[in-house]
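Presented below is the structure to which this report refers.
Each value in this text was obtained by applying a stated rule to the coordinates, not by laboratory testing. From a predicted model like this one, the values you see are computed outputs, not experimental measurements. Neighbour counts are summed over all protein chains in view; Cβ atoms, including those assigned to glycine, are modelled from backbone coordinates with ideal geometry.
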Amino acid sequence: MQELSYMNFSNARLTNVLFSGADLQHAIFWRVVAKSTSFYKAVMFYCYFREANLHGACLAGASLQFSNFEGKSACLMDCSFRGAYLQSAILVKSNLTNANLEGANLETANLTNANL
């Protein structure tokens, strides 16, 4: 498993990056643009994705507990969150249009004003 905890990817442009199975706890992805990026089954507790553009990213099976995806410019369109763990995640004002949330655990997640 890749150990990338506490890394700062702020304002990065990530294309075709595979974070599958990586340990990314407390990583910062503020305003990142991630195209064709996979976070499949990554461990991502307390990550900061505020205002990130993850359009079409794969977050299936990822552990995203307590992560922050807040922001009206947070683009999570067409993302796969299938089977992801999003307990207590913050998705306030994020754009989840056409996102696949099948089987995702959204217990106590904050989806206030999110575009579903």
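Sorted from fewest to most neighbouring beta carbons within 10 Å, what does the list Met44, Met7 look like?
Neighbour counts put them in this order, fewest first: Met7, Met44.
Can you work out the Karplus-derived ³J(HN,Hα) for every residue in the range 85-100? Use 6.51 cos²θ - 1.76 cosθ + 1.60 with θ = phi - 60°, whole Hz, and x for glycine or proline.
Those phi angles translate into 9, 10, 4, 6, 6, 9, 10, 4, 6, 7, 9, 10, 4, 6, 6, 8 Hz.
Just the number, please: percent antiparallel of the DSSP beta bridges in the chain, rounded to the nearest 5. Write down the numbers at each step before the final one.
Values: 0 of 21 bridges.
DSSP beta bridges in the chain are roughly 0 percent antiparallel.
Specify the inter-centroid distance of the range 1-34 and the range 39-57, based on alpha-carbon positions, in whole Å.
Each part reduced to its Cα centre gives a spacing of 8 Å.
Taking neighbour Cβ counts within 10 Å as the exposure measure, how do Ser63, Ser10 sort from fewest upward?
In increasing order of surrounding Cβ atoms, one gets Ser10, Ser63.
Nearest 20 debye, what's the magnitude of the dipole of the chain about its Cα centre given +1 on Lys and Arg Cβ and -1 on Asp and Glu Cβ?
280 debye
Please work out the FRET efficiency for the pair Thr108 and Lys72, using the Cβ-Cβ distance as r and a Förster radius of 22 Å; give the result to the nearest 0.05.
The pair Thr108/Lys72 has a calculated efficiency of 0.50.
What ³J(HN,Hα) values, in whole Hz, does the Karplus curve 6.51 cos²θ - 1.76 cosθ + 1.60 give for the range 23-37 when θ = phi - 60°, with x put for Gly and Pro?
So the J values, rounded to whole Hz, are 9, 10, 4, 6, 5, 10, 10, 4, 6, 6, 10, 10, 9, 6, 9.
For Leu116 and Asn11, compute 0.36 nm times the residue count separating them, minus their Cα-Cα distance, and round to one decimal in nm.
Computed gain between Leu116 and Asn11 is 35.3 nm.
Specify which labelled value, from [x] 13.2; [y] 15.4; [z] 14.5, agrees with Kirkwood radius over Cα pairs in Å derived from the coordinates of the model shown.
Entry [x].
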